[in-house]
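Asks: Got a structure for you, written out below as structure tokens; questions coming shortly.
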Amino acid sequence: MNPVLTKRSGLWQQVIARPQGALALGLLGFLYLCALFAPLLAPYGPGDQDLQKPYHPPTGFTWTQDGLAVRLYENADPTQALYRPIPGKTATIHWFPAGHPYRLFGLLPCRRHLFGVEPPQKIYLLGSDSTGRDVFSRLLYGAQVSLSIGLIGISISLGVGLIAGGLAGYFGGWFDSLVMRTTELLMAIPGLYLLLALRGAFASQFGSGEVYLLIVVILSFLGWSGAARVIRGLTLSLRAQTFVEAAIVTGLSPWRILWRHLLPNLASYLLVAAALSIPGYILGEAALSFLGIGIQEPSASWGLMLAQAQEMKVFMCNFWWLLSPGAAVFVTVAAFNLLGDTLRDVIDPHFRTSDR
Amino acid sequence: MTSSTLSSPQPDSAHLSPILLEVEKLAVRYPLSGGFLGRSRRFVEPVKGVSFRIRARQTVGLVGESGSGKTTIGKAIVRLVSPHSGEIRYRQERIDTLSGARLRPYRKRVQMIFQDPHNSLNPRLTISRIVGEPLEIHFPALRAEERRSRAADLLQRVGLSPDSLDRYPHEFSGGQRQRIGIARALAVEPELIVCDEPVSALDVSVQAQIVNLLQDLQQDFSLAYLFISHDLAVVEHISDLVLVLNEGRIVEAAPPEELYRNPQNEYTRKLLAAVPSL
Ligand SMILES: Nc1ncnc2c1ncn2[C@@H]1O[C@H](COP(=O)(O)OP(=O)(O)OP(=O)(O)O)[C@@H](O)[C@H]1O
Ligand SMILES: [Mg+2]
């Protein structure tokens, strides 16, 4: 008989004990912290343009008597966006300078940024885009959209899946049939077309906040059916467990049984499912934004930034920094998959309530 | 018949005590899966018209081989399954027609101990939650600390130390888990407990301990038992009456001594032959 996992802390300890689990958790922790502190870490706002400096390359660093400094560049050939460093001209990096005001966590009013240079000089860690906006800053603000969309989306779809699948599995009958036929219908329609059709069904003139919500809702609407089916199956098998019968004989109401006896036993599955499904939301947002029907300017999201990289006239390896959102998507998706796989490895041998 | 009443240990008190449970022509059907939209006209009928009664403080043994329908009868009594036909009365009241919250008063009086100790405790709950849960439902006035101390008392009563309270089921052996299951059943202060093969999953040495515990508890709490077993040897020395079940029908009902001395039924003789002589 396998020892059964009992405490959540034990689970996370086991995940961290594995190198790939520690790596995935570390990466994700880093990414989410970056997104959380984006306005502090980013030297500029997501929409701050500098039309004098389109496609500016990442600035180089030097050391001067005033401390760490960035090189300054001159636009040698504006038609080709060719920049050359000006020998001997630098701008010193200031730590925690006052910049444009923002609210940290949406609450604390604040003007300080982690670093910056004296305006009108600019620091471009990851270069600039076609309107001279700082790619690094936009990447951070984009992370807020791209990373939160996965969390919110998965909460909604797992929540709906849990309620629909849990009730279907527990009570059976007509509700079960209804839920199962609905999920089959949803799953029979190719996801991308449904996504496009749903998005198309709504007017395109939305504020960026509304579009964000719309994307989350559309993606969750597509995502809940798979979760509901699995949860229904798990609920069905859990329902046949003797401890559920014991709870019935004790006189617990069905709701209490679902809440107290079934949900904790589904938690492991939900965790794995969440980790493995979040990439779908991140990629879904990226795809929608890439196609121009997702997050709208001037907000930033990784998909939107990639879409702009595609607009480039001259595309050699010159403007590699414009692909950094792609790298960010890749790293995030890989980290979530790694985390999901590790979680499954840790949980699976125990994810059996039956010991027979 | 008279000779048996004389030889049984406490003949009169057991026989004169009030009738708790009356099962009359009970039949249970399970639908077979399949058919259009899960609706099926085919079914199995593991219990085919069974009648018996259980008096207060009495132990009624129910024996039969695997698949004879013993568990199904037990489940019908605690209303885990609904009877297809027949009646179940508890203290003269029909309980086979009740459902949902209206069953709750009945659930306070009739409890069940399950066959499989590894599956009957939720692996994610601590023992104090498992034993405290019936108290929460049936004694809502109790505060959390009172529930906890009652749970500790119950554990002590079934032979477990109170520091088991914060542990999880997997930390216990089969016999200990069965004790936890007994404590959970006792928590509501029931009058009748359906014991579905409470010892058949356990080691022989542990079996005797659990049977003795159940007998002690019966004395202390004036319990009646429906004691289900496939093993006549386990049933015979604790039962006041033994029902022999074969393919969903009761083929013989007699006090154990009489059953041994003079089995009336072919099937009973077959069962007896399988019991090592004591
Ligand atoms: N949920 C169910 N659906 C369909 N058939 C069932 C179901 N539960 C039990 N049965 C069938 O009913 C018959 C009686 O089962 P039951 O569990 O009552 O037997 P039992 O006497 O308790 O046997 P055992 O000694 O093995 O526990 C068996 O043939 C079994 O396959
Ligand atoms: Mg059985």
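The values are calculated or read from the model by the stated rules, or taken from the named source; none is laboratory data. Nothing here was measured: the structure is a model prediction, and the numbers come from that model. As a convention, Cβ positions derive from the backbone with ideal geometry for all residues, glycine included, and neighbour counts pool all protein chains shown. Side chains included, ligands, DNA and RNA excluded: accessible areas come from the protein's heavy atoms. Shrake-Rupley method; radii C 1.70, N 1.55, O 1.52, S 1.80 Å.
Asks: Trypsin sites (Lys or Arg not before Pro), restricted to region B:23-129: which are DSSP loop and have at most 15 other Cβ atoms within 10 Å? Could the numbers behind the result be given before it?
Replies: Working: sites: B:Lys25, B:Arg29, B:Arg39, B:Arg41, B:Arg42, B:Lys48, B:Arg53, B:Arg55, B:Arg57, B:Lys70, B:Lys75, B:Arg79, B:Arg89, B:Arg91, B:Arg94, B:Arg102, B:Arg107, B:Lys108, B:Arg109, B:Arg124, B:Arg129; in loops: B:Arg39, B:Arg41, B:Arg42, B:Arg57, B:Arg79, B:Arg91, B:Arg124.
Sites meeting the loop and neighbour criteria: B:Arg39, B:Arg41, B:Arg42, B:Arg91.
Asks: Normalised radius of gyration for the protein assembly as shown, please: alpha carbon Rg relative to 2.2 N^0.38 Å, two decimal places.
Replies: Working: Rg = 34.6 Å, N = 634, 2.2 N^0.38 = 25.5 Å.
With N residues counted in the protein assembly as shown, Rg over 2.2 N^0.38 Å equals 1.36.
Asks: Answer rounded, prolate or oblate for region B:47-203, using the Cα gyration tensor with square roots of eigenvalues a ≥ b ≥ c: rounded when a/c is under 1.5, else prolate when a/b is larger than b/c, else oblate. Don't skip to the answer; put the middle values down first.
Replies: Numbers: a/c = 2.18, a/b = 1.42, b/c = 1.53.
Taking the square roots of the gyration eigenvalues as a ≥ b ≥ c, region B:47-203 is oblate.
Asks: Under a Cβ-only charge scheme (Lys and Arg +1, Asp and Glu -1), can you give me the dipole magnitude of the protein assembly as shown about the Cα centre, in debye to the nearest 20? Write out the running numbers ahead of the final one.
Replies: Numbers: 59 positive and 51 negative charges, 169 e Å.
It works out to roughly 820 debye.
Asks: Counting only residues 5 or more places away or on other chains, whose amide H sits under 5 Å from the amide H of A:Ile123 once H atoms are built in the peptide plane?
Replies: When sequence neighbours closer than 5 places are left aside, the close amide H contacts are A:Val117.
Asks: I need the shape label for region A:59-123. Rule: rounded when a/c is under 1.5, else prolate if a/b > b/c, else oblate, with a, b, c from the alpha carbon gyration tensor.
Replies: Numbers: a/c = 3.75, a/b = 1.70, b/c = 2.21.
It comes out oblate by the Cα gyration axes.
Asks: For B:Leu241, enumerate residues with amide H under 5 Å from its amide H, sequence gap 5+ or separate chain, H modeled in the peptide plane.
Replies: B:Thr59, B:Gly61
Asks: In nm, to one decimal, how far is the B:Glu171 label point from the B:Arg150 one, both placed 7 Å along Cα→Cβ?
Replies: With each label placed 7 Å out from Cα toward Cβ, I get 2.4 nm.
Asks: Using a Förster radius of 60 Å, what is the FRET efficiency between A:Val217 and B:Ala274 based on their Cβ-Cβ separation? Nearest 0.05, please. Write down the numbers at each step before the final one.
Replies: Details: r = 65 Å, r/R0 = 1.08.
Between A:Val217 and B:Ala274 the formula returns 0.40.
Asks: Please calculate the 1.4 Å probe accessible area of B:Asp166, with all protein chains present, and give it to the nearest 10 Å².
Replies: Around 90 Å² of this residue is reachable by solvent.
Asks: Another one. A:Ser237 label point, 7 Å along Cα→Cβ, cut-off 18 Å on backbone N: hits in region B:95-126?
Replies: Hits in region B:95-126 for A:Ser237 at 18 Å: B:118-124.
Asks: For chain A, modelled as a GNM with alpha-carbon contacts under 10 angstrom, which of A:Arg18, A:Arg344, A:Arg138 fluctuates the most?
Replies: A:Arg18
Asks: Take the alpha carbon atoms of region A:106-174, find their center, do the same for region B:65-108, and report the distance between the two centers in whole angstrom.
Replies: One Cα centre to the other: 55 Å.
Asks: Let me ask another. Over every pair of different alpha-carbon atoms in region B:200-243, take the mean of 1/r and invert it; report that Kirkwood radius in Å. Can you show the working numbers first?
Replies: Working: mean 1/r = 0.0898 Å⁻¹.
Answer for region B:200-243: a Kirkwood hydrodynamic radius of 11.1 Å.
Asks: Here's another thing I want to ask about it. From the phi of every residue in region A:281-298, what ³J(HN,Hα) in whole Hz does the Karplus formula 6.51 cos²θ - 1.76 cosθ + 1.60 yield, where θ is phi - 60° and glycine or proline is x?
Replies: 6, 5, 5, x, 4, 4, 5, 4, 5, 4, 7, x, 10, x, 4, 9, 4, x
Asks: Taking loop as defined by DSSP and a crowding limit of 11 other beta carbons within 10 Å, which chymotrypsin sites (Phe, Trp or Tyr not before Pro) in region A:166-270 fit? Don't skip to the answer; put the middle values down first.
Replies: Values: sites: A:Tyr170, A:Phe171, A:Trp174, A:Phe175, A:Tyr193, A:Phe202, A:Phe206, A:Tyr212, A:Phe221, A:Trp224, A:Phe243, A:Trp255, A:Trp259, A:Tyr269; in loops: A:Phe202, A:Phe206.
In loop regions of region A:166-270 (DSSP not H, G, I, E or B), there are no sparsely surrounded chymotrypsin sites (Phe, Trp or Tyr not before Pro).
Asks: Next question, about the same structure. Please give the length that would be gained between A:Phe30 and A:Leu68 if that part of the chain were fully extended, namely 0.36 nm times their separation in residues minus their C-alpha to C-alpha distance (nm, one decimal). Don't jump to the answer; show the numbers that get you there.
Replies: Numbers: separation 38, 0.36 × 38 = 13.68 nm, distance 2.45 nm.
Length difference between fully extended and current span is 11.2 nm.
Asks: Which whole DSSP H helices in chain B pass both tests: a Cα extent of 24 Å or more along the axis and a mean Kyte-Doolittle value no lower than -1.0?
Replies: B:204-221
Asks: Quick check for you: with a 1.4 Å probe and neighbouring chains kept, what is the accessible area per residue of the protein assembly as shown, in Å²?
Replies: Numbers: 29510 Å² over 634 residues.
Dividing the accessible area of the protein assembly as shown by its residue count gives 47 Å².
Asks: B:Leu154 accessible area, nearest 10 Å², 1.4 Å probe?
Replies: Around 20 Å² of this residue is reachable by solvent.
Asks: Can you sort B:Leu202, A:Leu192 by 1.4 Å-probe accessible area, starting with the largest? Walk me through the numbers on the way to the answer.
Replies: Numbers: B:Leu202 20, A:Leu192 95 Å².
From most exposed to least exposed: A:Leu192, B:Leu202.
Asks: Show the residues, 5+ positions off or on another chain, whose built amide H is closer than 5 Å to the amide H of A:Tyr73.
Replies: Those qualifying (amide H under 5 Å, at least 5 residues apart or on another chain) are A:Ile86.
Asks: Could you order B:Glu257, B:Glu22 by accessible surface area, starting with the largest, using a probe radius of 1.4 Å?
Replies: On the way: B:Glu257 60, B:Glu22 30 Å².
Sorted descending by solvent-accessible area, the residues read B:Glu257, B:Glu22.
Asks: Give the shape of region B:62-139 as rounded, prolate or oblate, defined through the alpha-carbon gyration tensor: a ≥ b ≥ c are the square roots of its eigenvalues, a/c under 1.5 means rounded, and otherwise the shape is prolate if a/b is larger than b/c and oblate if not.
Replies: Oblate.
Asks: Can you give the accessible area of A:Phe37 in Å² (nearest 10), computed on protein heavy atoms with a 1.4 Å probe?
Replies: 60 Å²
Asks: Starting from the Cα of A:Leu107, step 7 Å along the direction of its Cβ; do the same at B:Ser66; then give the gap between the two resulting points in nm.
Replies: 6.1 nm
Asks: Determine the alpha carbon to alpha carbon distance for each of B:Lys25/B:Lys270; B:Lys25/B:Lys75; B:Lys75/B:Lys108; B:Lys25/B:Lys108 and list only those over 22 Å. Walk me through the numbers before you get to the answer.
Replies: Values: B:Lys25/B:Lys270 25 Å; B:Lys25/B:Lys75 15 Å; B:Lys75/B:Lys108 16 Å; B:Lys25/B:Lys108 25 Å.
Violating the 22 Å Cα-Cα cut-off are B:Lys25/B:Lys270; B:Lys25/B:Lys108.
Asks: Nearest 0.05, what FRET efficiency do B:Leu16 and A:Asp345 give at R0 = 51 Å with Cβ-Cβ as r?
Replies: On the way: r = 63 Å, r/R0 = 1.24.
The pair B:Leu16/A:Asp345 has a calculated efficiency of 0.20.
Asks: Suppose R0 equals 41 Å; then what is the FRET efficiency for B:Asp216 and A:Arg256 from their Cβ-Cβ distance, rounded to the nearest 0.05?
Replies: Numbers: r = 32 Å, r/R0 = 0.78.
About 0.80, to the nearest 0.05.
Asks: Also, I was wondering about something else. With n ≥ 4 as the cut-off for DSSP H runs, can you work out [θ] at 222 nm for chain B, using -39500 (n - 2.57) per run divided by the number of residues, rounded to the nearest 500?
Replies: Working: 11 runs with 104 residues, N = 278.
After summing the helix terms and dividing by the residues of chain B, the value is -11000 deg cm²/dmol.
Asks: Compute the angle between helix A:208-239 and the longest alpha-carbon principal axis of chain A, please, reported from 0 to 90 degrees and rounded to the nearest 10.
Replies: Approximately 30 degrees, to the nearest ten.
Asks: If you find the alpha carbon centre of region A:205-268 and of region B:119-191, how far apart are they in angstrom?
Replies: Taking the Cα centre of each part, region A:205-268 and region B:119-191 sit 28 Å apart.
Asks: By how many degrees, 0 to 90 and rounded to 10, does the Cα axis of helix A:173-188 deviate from the longest principal axis of chain A?
Replies: Relative to chain A, helix A:173-188 is tipped by roughly 30 degrees.
Asks: Oh, and also: 7 Å from Cα along Cα→Cβ at both A:Phe61 and B:Arg91: what's the point-to-point distance in nm?
Replies: Going by the 7 Å Cα→Cβ label model, 8.1 nm.
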